[in-house]
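Everything on this sheet refers to the single structure shown next.
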Amino acid sequence: MKLKENFFVTIRENSKDEETISGNLLVRSGMVKKAGSGIYYFLPLGLRVIKKIENIVREEMNNANAAELVMPSLLPEDVYIKSGRRENFGNDMFSLKDRYGRNYVLGPTHEEMFVEVAKDHIKSYKDMPINLYQIANKYRDEPRPRYGLIRVREFIMKDAYSFDRDLDGLHISYMKMFDAYKKIFDRMGIDYKIVTASTGVMGGLLSEEFQAVTEIGEDILVLCDKCDLSSNIEITECVDQKIVDDEQELELELIHTPNVKTIDDLVNNYGIPTSKMAKTLIYKIDGKFYAVMVKSHREVNEYKLLKLLNAKEIELADYADVERITKAQVGFAGPVGIEIPVIIDNEVEGMKNFLVGANKTDYHYKNVNLKDFKVYLQADIANVMEGDKCPCCGGNLYFKKGIEIGNTFKLGTKYSESLGLTYLDEENNSHPVVMGCYGIGIGRILAAIIEQNNDENGIILPMNIAPYQVSIVLINDKDEKQVEVANNLYQELTKKGIEVILDNRNERPGVKFKDMDLIGIPLRITVGKKIDENKVELKQRKEKESIDIEINNVYEIISKLINEQSM
């Protein structure tokens, strides 16, 4: 591509609308442009990168014997009602009506539709295993789109679905996809962890996430310093660390605690240690209110709560509901005398003579014991913390943050049973087909790569992801000899299959250098005054220093570097 004759736009200033490094650099480099909240254009450079990511994904999927197809995005709502997921998606699903009043949705995920396709093929056990996939747009009405391409309303996703006769067959298909995913992310040079996760709205028997490690990540990955434990915080078990007090139970006492806003206020003003405090939060779960208790230093794990109650929706009660339920200002909720069910974490069971809110503004109860209130349920409902003991080996837990770039699910028969996908075995008996599901977020991969590969000058892209492998910077477009050498190099490298961008714009050299660094081109050739010595300058994006090379040796050196750096 010759820049002088093509669409090319970069932005000098940081974007005020982007809160992440990747989002800012994608906009500044002219790879994407924001169309609205959670909606982006992919401009020519960005589209080249996206297509390269897609091609790596496609190659490994094809190598794993998956067959590609394309599903429609506009789908009848009935199929999601039939599978039981329309209610689960709720407002996250874009819905509309056609001119005849029939209900449609924009596909957030396509399990149901793949089942409908599989019905035409699968009749007998002989028709399996099969694996189908697509790379297509998905739509979800995110309540809080943010972090650039990480959380959006329209996104490109690779989703695949395997169909087998039994769990043994599913495991074989699952491991093929699992290994393909590792090859995909290894080829892109991504630093990632594989963690066990919740099955969420997808349902099924097992879920594992491929998480790109980065500080901007929304997910907390729990790891162990001794064993290979790797899981998402929402499903990580808290080892029962309750310490049973052996002190004698004291009488409940109401104490005046004015101007208390935080746990630190109680510690500093009243000398009560945090080990003697439990906090109570009011949750609204599937429309019902619950008082949820954990030790003061813990956070409530909402996924565990949902699972405990076999519920679908959870949110903290709003201020008005809290004040109505507790008959006090927010910050003074407690279990004693409250008229909603109380759920306590396992660690609370071992506490004695502890402090809680009194459901009365500016008051707390101290010397509280379990006998002083009614427990509706007790379970592990807290998040683990760094330094907690590993549930597998007793080692120490530590955290990393991650961006989920891929996931794999053992769905089992959830969708085949609800949608009637069956097969006949050797004895002509009917059974539901056993399914697996495998997703990759294409845009999230791009964001994750940039989060992990950047510097003060811009993006540093791997060779096989970069929009172009080589840039040729022409210093003086009025110098006929420089123009001739630059064009000859461009034509030679292009003919030999190397992807080249020629910056022949009428711009200052510094502007050209900054733009090539910003968009992350791995190799830069500078054609300037040294052509009188039959030399050009070569600089690698990830290196600080440049070297001079003979013009006649450019192709040999460039091709060697490309081969070394391609994954």
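Within the set of other residues whose C-beta is less than 11 Å from the C-beta of ILE56, count the net charge using Lys and Arg as +1 and Asp and Glu as -1. Spell out each step's value before the answer.
Working: positive: LYS51, LYS52, ARG58, LYS158, LYS183, ARG187; negative: GLU54, GLU59, GLU60, ASP186.
Neighbour charge sum, excluding ILE56 itself: +2.
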_Which order do the peptides 463-469, 427-433 come out in when sorted by mean C-beta neighbours inside 10 angstrom, highest first?_
463-469, 427-433
*Go from 0 up to the bin containing the longest alpha carbon distance in region 466-567, width 5 Å each, and give me the % of pairs per bin.*
2, 13, 27, 28, 21, 8, 1, 0
*Accessible surface, per residue, of region 408-555 when the full set of protein chains is kept, probe 1.4 Å, Å²*: 41
*In region 1-41, which GluC sites (Glu not before Pro) are in a loop and have at most 12 other Cβ atoms within 10 Å, using DSSP for the loop call?*
GLU13, GLU19
_Exceeding the 20 Å Cα-Cα cut-off - candidates LYS182/LYS389; LYS126/LYS182; LYS312/LYS374; LYS481/LYS530; LYS52/LYS400; LYS16/LYS539_ = LYS182/LYS389; LYS126/LYS182; LYS312/LYS374; LYS52/LYS400; LYS16/LYS539
*Can you check what the net charge comes to around THR257, using other residues whose Cβ is under 15 Å from the Cβ of THR257 (Lys, Arg +1; Asp, Glu -1)?*
+1
*Taking Rh as the Kirkwood radius computed over C-alpha pairs, what is the Stokes-Einstein D of region 388-546 at 20 °C in a medium of viscosity 1.002 mPa s, expressed in µm² per second?*
105
_Per-peptide average of other Cβ atoms within 10 Å, ordering 160-170, 516-526 highest first_ = 516-526, 160-170
_At a 10 angstrom cut-off on C-beta neighbours, averaged per residue, how do the peptides 128-134, 105-111 rank from highest to lowest?_
105-111, 128-134
*Starting from the Cα of LYS560, draw a straight line to each of the aspartates and glutamates and keep only those under 20 Å, dropping any in the same chain fewer than 8 residues away.*
GLU492, GLU499, GLU537, GLU543, GLU545, ASP548, GLU550
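In terms of solvent-accessible area of protein heavy atoms at a 1.4 angstrom probe, what is the ranking of VAL375, VAL342, highest value first?
Working: VAL375 55, VAL342 5 Å².
So the residues, ranked largest to smallest area, are VAL375, VAL342.
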_Under Karplus coefficients 6.51, -1.76 and 1.60, residue-wise ³J(HN,Hα) of region 355-365 in Hz, glycine/proline x_ = 10, 9, x, 9, 6, 8, 4, 6, 9, 10, 9
_Distance between region 495-558 and region 326-386 - C-alpha centres, whole angstrom_ = 67
*In the neighborhood of ARG505, defined by Cβ-to-Cβ distances under 14 Å, what is the net charge if each Lys or Arg adds +1 and each Asp or Glu adds -1?*
+1
_Unit charges on C-beta of K, R, D, E only; dipole of the chain, Debye_ = 1500
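Whenever you get a sec, line up MET71, MET567, MET175 from highest to lowest accessible area (probe 1.4 Å, protein heavy atoms). Can you show the working numbers first?
On the way: MET71 20, MET567 105, MET175 65 Å².
Correct descending sequence by accessible area is MET567, MET175, MET71.
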*Could you let me know the centre-to-centre spacing of region 140-164 and region 22-52, using Cα atoms, in angstrom?*
16
*Just one of (1) 23.3, 76; (2) 28.4, 90; (3) 29.2, 95 is Rg and Dmax of the Cα atoms in Å as worked out from the coordinates here. Which one is it?*
(3)
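Per DSSP H run of n ≥ 4, the term is -39500 (n - 2.57); total these for the chain, divide by its residue number, and report the mean residue ellipticity at 222 nm rounded to 500 deg cm²/dmol.
Calculated mean residue ellipticity at 222 nm is -8000 deg cm²/dmol.
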_Within straight-line cross-link reach of LYS360, lysines at Cα separation under 17 Å, skipping those fewer than 8 residues along the same chain_ = LYS261, LYS279, LYS327
*Straight-line reach from LYS352: which aspartates and glutamates have a Cα under 14 Å away, not including same-chain ones fewer than 8 places off?*
ASP245, ASP246, GLU247, GLU249, GLU251, GLU253, ASP372
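Calculated FRET efficiency, MET175 and ARG99, Cβ-Cβ r, R0 51 Å, to nearest 0.05?
On the way: r = 47 Å, r/R0 = 0.93.
Once the sixth-power term is evaluated, E becomes 0.60.
The values are calculated or read from the model by the stated rules, or taken from the named source; none is laboratory data. The structure displayed is predicted, hence computed values, not measured ones. All Cβ positions, even for glycine, are placed from backbone atoms using ideal geometry, and neighbour counts span all protein chains on display. Surface accessibility is based on the protein's heavy atoms, side chains included, excluding ligands, DNA and RNA. Shrake-Rupley method; radii C 1.70, N 1.55, O 1.52, S 1.80 Å.
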